[in-house]
Structure formats: structure tokens, C-alpha cells
Amino acid sequence: MVDQPTESNRIKTSTVQPDEEAHINTLFDLTGRTALITGASGFLGQSLARALSEAGARVVVSSRKRKKAEKIAALLKGAAQGSHIGIELDQMDETSINAGFDELLDRVGSLEILVNNGHFPLGADLTDVTGTEFQQLLGNATGYFLLARRFRNWSISQKKSASIIMLGSMYGVVGSYPETYEGLVPASPVAYHTLKGGIVQMTRHLAVYWAKQNIRVNCLSPGPFPGPQADSEMVKRLCQKSPMGRMGVPEELNGAIVFLASDASSYMTGQNLIIDGGWTAW
């Protein structure tokens with residue numbers, strides 16, 4: 001026999017009050033928080049940096065080239081007030097990571113959000129990549145960890161909560177379609193797939209160890225988002241494999257990055273948020 005709903009157990013369907021609406025709106029507000037994004041001069045990095053600034057964050061833009069970082073910072077919303085800065089930080093170099101983080105603290109004094117987006121690329125594929133090249137690309141993951149740990153240790157020393165966002169890829173979850181690349185390149189780079197799969201797993205590992213310290217770690221996995229220099233024939237083939245029949249544009253990651261950085265995802269850690277037009281749903 002099914003119990004009839006009573007006043008005490010009935011699901012209430014009253015409308016949201018004005019003060020509750022205001023609370024919902026503030027969930028995505030990053031005002032008063034500082035975000036460091038590595039590799040912010042790149043194709044996706046620039047868009048992610050803009051999204052964080054538009055959500056109210058003070059953005060610290062980092063790049064291997066200081067002038068590039070400063071140029072991007074000057075273009076962000078609020079730059080006229082001097083709220084954003086550019087610093088030199090190479091995630092492939094531990095000394096540079098520590099020096100860049102020290103400079104950040106000296107200049108802005110605080111940090112609540114880290115976006116590990118920097119990427120040292122490698123064009124070699126599985127037919128000709130050398131062991132040295134393979135290891136070099138995996139160094140991106142080492143840099144992600146070292147910077148995340150430095151941020152985590154500082155946050156704990158300051159008794160602050162933090163959000164760390166790793167940039168993964170759909171190719172950290174699924175294999176590629178060989179025919180998509182046939183005749184254009186010998187194969188989709190095996191080291192890249194290995195790297196991105198490792199970043200997804202590192203996200204989960206760090207999340208469960210750091211959760212009780214109020215350090216959230218999540219991964220954002222885009223794909224496919226080909227840059228302006230991508231081969232047109234390859235892009236056409238990729239579109240044919242996509243359920244949505246098209247490629248993503250950088251701005252379509254903006255909502256996801258703000259969500260992961262903000263209080264809107266306060267009970268979320270160790271997750272991989274995939275933005276891929278349905279690619280991994282096949």
C-alpha cells in the first residue's frame with residue numbers, strides 16, 4: 001500500500017523568493033577572488049581568462065613569455081583599473097613555477113582559483129616519437145602537479161579553501177578515429193592521449209586526498225576545439241564524427257570554467273566535466 005502524501009512529506013512547489021533568486025545569481029560571482037591561469041596566451045586560454053574576468057575575478061595571466069601574458073591581461077574586463085596582471089611562468093620548469101608563484105603572492109597577495117591550462121606541444125606521432133620527446137610531453141602533467149601542490153600548501157597555511165581546475169581533453173577518455181587523420185598525419189599523437197588520460201586520473205587522486213582540506217580539484221575536458229591553423233580537411237572529418245555536426249568554439253567553455261571556479265560547484269570534486277558536443281556519447 002502506497003502512503004498518501006501528507007502536509008509533512010509533500011514536496012513543496014512554492015515559487016522562489018526574491019532573496020533566494022539573488023543567492024542563485026551570486027553562486028557564479030567571482031568578485032573578490034583571484035584566479036591564476038597558465039597558458040593564457042593560447043587559443044583556449046585567452047577565452048578562459050576572459051570568462052573569469054567577466055565573472056568578476058582578478059586574473060593573473062601566466063605564460064612562458066612575460067610580454068604575452070601582460071598583453072592578454074591588459075585586454076581583460078577591468079584591466080583599466082589595474083586589477084589583472086601578467087607574469088612569467090613555465091610549467092615545464094620547477095624553478096619557474098616557484099618563481100612565478102612567489103611573484104603572484106608578492107604582487108596580489110592572495111589566490112583562490114588555479115586553472116592549469118598551460119601546454120608544451122609535441123607534433124610527433126606514434127610512428128616516430130622518441131622516448132625523450134614522449135617524456136618531455138608528459139612533463140606537462142608534472143608541472144600541473146607541482147603548481148597545484150604549491151597552491152594547495154599555501155592555501156592550507158592561510159586556512160583558505162581553493163578550487164583547482166585541470167585542463168584535460170576528450171582524448172583523455174576515448175581513443176581517436178584513425179580514419180580522421182589518415183592521409184593528413186600518420187596518427188593522433190599517442191603521448192598527447194597518454195598525457196590527458198593521466199591528467200584526468202591525477203585530478204581524481206588529488207581530489208580525494210585534499211578534499212578534507214577544502215581544496216577542490218576538478219578537470220575540464222574540451223574537444224574537439226580545433227584552432228585557426230587546423231587543417232580544413234581534418235576539421236571536416238571531425239565534424240562528420242561529431243553528433244552535433246560541428247566543432248566547438250572557445251566561448252562554449254566559458255560557462256563550464258566559471259561553474260568549476262565558483263561556489264556553484266562547491267560540492268563537486270574529483271570530476272571530469274566533458275564539453276565535446278556529444279563526441280564521447282557515441
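The values are calculated or read from the model by the stated rules, or taken from the named source; none is laboratory data. All values derive from a computational prediction rather than experimental measurement. Here the Cβ positions follow ideal geometry from the backbone for every residue, glycine too, while neighbour counts run over all protein chains shown.
How about the range 164-186: which of its residues are closer than 27 Å to residue 145 by Cβ, touching a residue at least 40 places away in the same chain (Cβ under 8 Å) and not in a strand (DSSP E or B)?
Restricting attention to the range 164-186, the residues satisfying the condition of being closer than 27 Å to residue 145 by Cβ are 164-176.
From what's left, touching a residue at least 40 places away in the same chain (Cβ under 8 Å): 164-174.
If the condition is that a residue be closer than 27 Å to residue 145 by Cβ, touching a residue at least 40 places away in the same chain (Cβ under 8 Å) and not in a strand (DSSP E or B), then 168, 169, 170, 171, 172, 173, 174 are the ones that fit.
Is it the case, given these coordinates, that residue 269 is touching a Cys at 6+ places or on another chain (Cβ under 8 Å), at pLDDT 95 or above and polar (S, T, N, Q)?
So residue 269 fails the test.
Any idea which of (1) farther than 18 Å from residue 261 by Cβ; (2) aliphatic (A, V, I, L, M); (3) assigned to a strand (DSSP E or B) is the one residue 92 doesn't satisfy?
Only one criterion in (1) farther than 18 Å from residue 261 by Cβ; (2) aliphatic (A, V, I, L, M); (3) assigned to a strand (DSSP E or B) is unmet by residue 92, namely (3).
A quick yes/no check of all residues on (1) more than 17 Å from the chain's Cα centre (by Cα); (2) under 19 Å from residue 220 (Cβ atoms):
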site: 122; (1), (2): yes, no
site: 135; (1), (2): yes, no
site: 146; (1), (2): no, no
site: 159; (1), (2): yes, no
site: 173; (1), (2): no, yes
site: 180; (1), (2): yes, no
site: 199; (1), (2): no, yes
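Hey, among the residues in the range 62-104 that are among the hydrophobic types (A, V, I, L, M, F, W, C) and loosely packed, with under 15 Cβ neighbours inside 10 Å, which one's farthest from residue 43 (Cα to Cα)? Step through it out loud before you land on a result.
Kept after step one, since they are among the hydrophobic types (A, V, I, L, M, F, W, C), are these residues of the range 62-104: 69, 72-76, 79-80, 85, 87, 89, 92, 97, 99, 101, 104.
Adding the requirement that they be loosely packed, with under 15 Cβ neighbours inside 10 Å leaves 74-75, 80.
On the way: 74: 17, 75: 15, 80: 23 Å.
Step by step, filter the range 62-104, then rank; the result is 80.
Search the range 67-89 for residues that are closer than 13 Å to residue 50 by Cβ and pair each with any residue that is part of a strand (DSSP E or B) and β-branched (Val, Ile, Thr) when their beta-carbon atoms are under 6 Å apart and the residues are at least 6 apart or on different chains.
These pairs meet every condition: 72/61; 73/61; 73/85; 76/59; 84/59.
Under 7 Å between Cβ atoms, at least 6 apart or on separate chains: pull out the pairs that start in the range 114-133 with a residue that is free of Cβ contacts under 8 Å to residues at least 40 places away in the same chain and end on any residue that is outside any helix (DSSP H, G or I).
Listed pairs, sorted by first residue: 120/92.
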